[in-house]
Structures are given as structure tokens and as C-alpha cells.
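Here the structure comes first, spelled out in C-alpha cells, and everything after it is commentary.
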Amino acid sequence: MEDCHRKERGRDANESPAIKTTRVTDHRPQFSGLPFCKNRFFLNLIMVAHLGAIAPSSCFPCRLTRLPRLSSTKHKHRPFIMNAMSDDPIREWILSEGNATKITGISPVGGGCINRANRYDTDAGSFFVKTNRSIGPSMFEGEALGLNAMYKTNSIHVPKPFKVGSLPTGGSYIIMEFIEFGASRGDQSVLGRKLAEMHRAGKTDKGFGFDVDNTIGSTPQINTWTSDWIKFYGEHRLGFQLKLAQDQYGDRTIYEKGQRLVRSMGPLFDGIVIEPCLLHGDLWSGNISADKNGEPVILDPACYYGHNEAEFGMSWCAGFGGSFYSAYFEVMPKQPGFEKRTDLYLLYHYLNHYNLFGSGYRSSAMSIIDDYLRILKA
């Protein structure tokens, strides 16, 4: 059984040959009695649910810190939102636009700590429905827009979103395609190739960002369009998380050192041209599965257009192997300096875990920051 505690950065003999680095610092999170991503069987149960929630696994402990809400001022795109509300808008949509005449069964799927999930079986097929009793539709709208953007690339299998709306008692819902999953996570080389095809196909001329803000776990993810990747990543990814850590924990040390890194990280990108491509944004084991035909499926996105290398920021909890990276780089060639940027993209997710789940992740984030400050002499 694979231990997600070990990151995919080529330090161990059995790690991916596609990624090699001479750095030896161990950035693994330290916990007191908290298991960390070791139960692959449990993670597979979470994948079958495709909850789009932080599942109660050790990668995402089911303990959430209160975080600022997303602003609704940017959400101008609402193609999935229902205009009218009935007592049961989910049933109403399924029996009208869903082309069903009767619902034959409703069954809970898996278990998460942000959203509830149910399978609706009908005479027109099955639907997957997530609900949240406390959060408005902006969170699911961001997910739906991301799923739809990935779906339109005609590359990797994702559940097609159908409808997002508000619940009459408060909260929101999303209705999407129900995917019958297979018994395994599928072939890693196929996953790598399909993901690269999505990155190659998903282009925009707007810059780096997305049409709406969304969430990474339950943390707001700001996607204001920006023409420069280094500025976008520094301000809306690292900078946002660093400020959140300062505000939540009064952690001025990580904030100040992190800001020094943000100001100094430019040389890590010397010699490359970065084109915005569509990213899933939260690609860890719980969001990767395979359908009954063995084709890879990716779920629960936090989409935006960014540097393709940022997609591997959750590799420490994704189990990517050598065949994955080899297949990926056949489609999207590895850029010069790839290895020296790997930890920079891990840092965003370690900071997010620190903000969501507490101090167990602080040392991992701090170690990465200190290493870069030393390397960059900042």
C-alpha cells in the first residue's frame, strides 16, 4: 500500500524517474496521532462517491477552520442557476429538463464533511446530486463552470454538470452526470496522457485566472484575470494563503518569509514561456478514479487557467508514478527548470492545508520557504 506521506519528487529509489532533485529536506507534515493518507482502500471509497467535498480521510482531516467567504460581486456568469425555486427544485429539474417521468430511488453516496451526496435513479438514467445546507450556490457554480470547461476540451472524462441552484430552506445543490466507476483507479500512463491533452486543449487569451472565484477545499480561491503568471501566483495563490495564515494564527513569521519568497521567485522561471492552460487545480487521490471501462475520471475541480506545472502541486497525495509523468511529458514536454519549481507549487497546497487543518502542516510549508530563501539568497 502506498504512503502518500512520501512525495513524488524523485528522492527515493522507487520514485518517478521523470522527476529528480538533489534536495533532501523532508517537507512531510508532522502530526500528533493523525494518520496521513495511508488507507488507499478508504480513499477509493471516497472516490466512488465523487462527493466534491473534503472527505474524512487523512489527506483532508474532517476539521475545518472558519474561512472568509467568497465575494459574490464577480459572479456574473450563472448559466446553471435556476431562475425559479420550488419546494423541491432537484426533483422538479429531474422530472422536467432531466427527461425523467419518475424517480425510482434515492440513495446516499459515501460521506464527506462539506457536502451531502445522493444518487437519484430514474427511468431516464441516474443523476449525481450534491447539496450543502449552509453555503449558497456560488461554490457549486464555480465547480460547474470548471467541470464544463474541462468537459469541453473533449480529453479526459469528467462528470457533466447539468444544474446549480438554491434550496428553499437555505443552501444550494448541483446536479451532474452519474459515472459508474470501475474497481481500480485505471492506468497511470493513460491518466498522464489524458491530463496533458486537457492542458494542451484548454487555452484562453484572457490570461491567468478564471471567470469566477471558486474554492480549494473550503478556502476561497481568487481567480482575478492577470496577464503575468508570476504576479498571479504570487498574489492570488501564495500571497492569499500567507495573509490568511497571518490573520488566522497571527503567524507573522511565515507571512513575512513567504512574502520575501514571493518577491524573489522570478529567477525560478527564467528561460521558459508560460502559456495559460486549463487546470483541474486540486488533483489528489480522492479526485481521481476510473470509469467501468478503465478510462480515467477526474472530479471535484478547483479550475483556473495557469502554468501546467502547478497541476502537480498535490502530487504528495496523488500517487503519481513514473508511467504517469512519462506519458504526460510525451504530450506536454517538460520545461527547463521543472525540478526547481516543483516545491513552489507544493507550497500553495501545504499553506492551504495549514489554513484548513492547523499546525501539522506548518513545518512543511516553512521548510519549503526557508529552502527557497536560501537557494535564491533572498
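Residues whose amide H comes within less than 5 Å of that of GLY202, counting only those at least five positions distant or on another chain, are LEU278 (H built at 1.01 Å from N in the peptide plane). Note on the range 179-276: Rg/Rh from Cα positions, Kirkwood definition for Rh, rounded to two decimals, is 1.06. Quick one: Debye curve from the alpha-carbon atoms of the range 87-178 only, equal weights, vacuum; give me log10 I(q)/I(0) at q = 0.15, 0.19 Å⁻¹ to two decimals. Treating every Cα as an identical point scatterer, log10 I(q)/I(0) equals -0.56, -0.91. Distance between the C-alpha centres of the range 223-287 and the range 291-331: 19 Å, rounded to the whole angstrom. Note that the range 324-341 has calculated 3J(HN,Hα) couplings of 4, 5, 4, 5, 4, 6, 5, 9, 10, x, 5, 8, x, x, 3, 5, 6, 9 Hz, one per residue in order, obtained from phi through the Karplus relation 6.51 cos²θ - 1.76 cosθ + 1.60 (θ = phi - 60°); glycine and proline are x. What you get for the range 154-277, charging only the Cβ of Lys and Arg (+1) and of Asp and Glu (-1), is a dipole of about 120 debye around the Cα centre. Were the residues from VAL331 through ASN154 laid out at 0.36 nm apart, the gain over their Cα-Cα distance would be 62.2 nm. For the range 121-138, backbone phi angles converted through the Karplus equation (6.51, -1.76, 1.60; θ = phi - 60°) give residue-by-residue couplings of 9, 9, 6, 10, x, 10, 10, 9, 10, 10, 10, 9, 7, 10, 9, x, x, 4 Hz, Gly and Pro being listed as x. Using only alpha carbons, the range 181-377 has a radius of gyration to Kirkwood radius ratio (Rg to Rh) of 0.96. For ASP291, the residues 5 or more places off, or on other chains, whose built amide H falls under 5 Å of its own are GLY182, VAL297. Apolar share of the accessible surface for the range 87-178: 44 percent from carbon plus sulfur atoms, 1.4 Å probe.
Before anything else, pin down the relative contact order of the range 87-178: Cα pairs under 8 Å, at least 6 apart, normalised by residue count, whole percent.
Once normalised by length, the contact order is 26 percent.
For the range 342-378, backbone nitrogen atoms closer than 15 Å to the point 7 Å from ILE272 Cα along Cα-to-C-beta are found at 342-348. Spin-label model, GLU97/ARG200: points 7 Å from Cα along the beta carbon direction are separated by 3.4 nm. Residues in the range 270-282 carry Karplus couplings, in order, of 4, x, 10, 10, 9, 9, x, 9, 5, 10, 5, x, 8 Hz; the curve used is 6.51 cos²θ - 1.76 cosθ + 1.60 with θ = phi - 60°, and Gly or Pro positions show x.
Accessible surface of the range 181-377, 1.4 Å probe: 48 percent of it comes from carbon and sulfur atoms.
The values are calculated or read from the model by the stated rules, or taken from the named source; none is laboratory data. Predicted model, so just to flag it, every value in this text is computed and none were measured. Quick reminder, even Gly has a Cβ in these numbers, built from the backbone with ideal geometry, and neighbours come from all protein chains shown. Quick note on the areas: whole protein, heavy atoms, side chains included, nothing else; ligands and nucleic acids left out. Shrake-Rupley method; radii C 1.70, N 1.55, O 1.52, S 1.80 Å.
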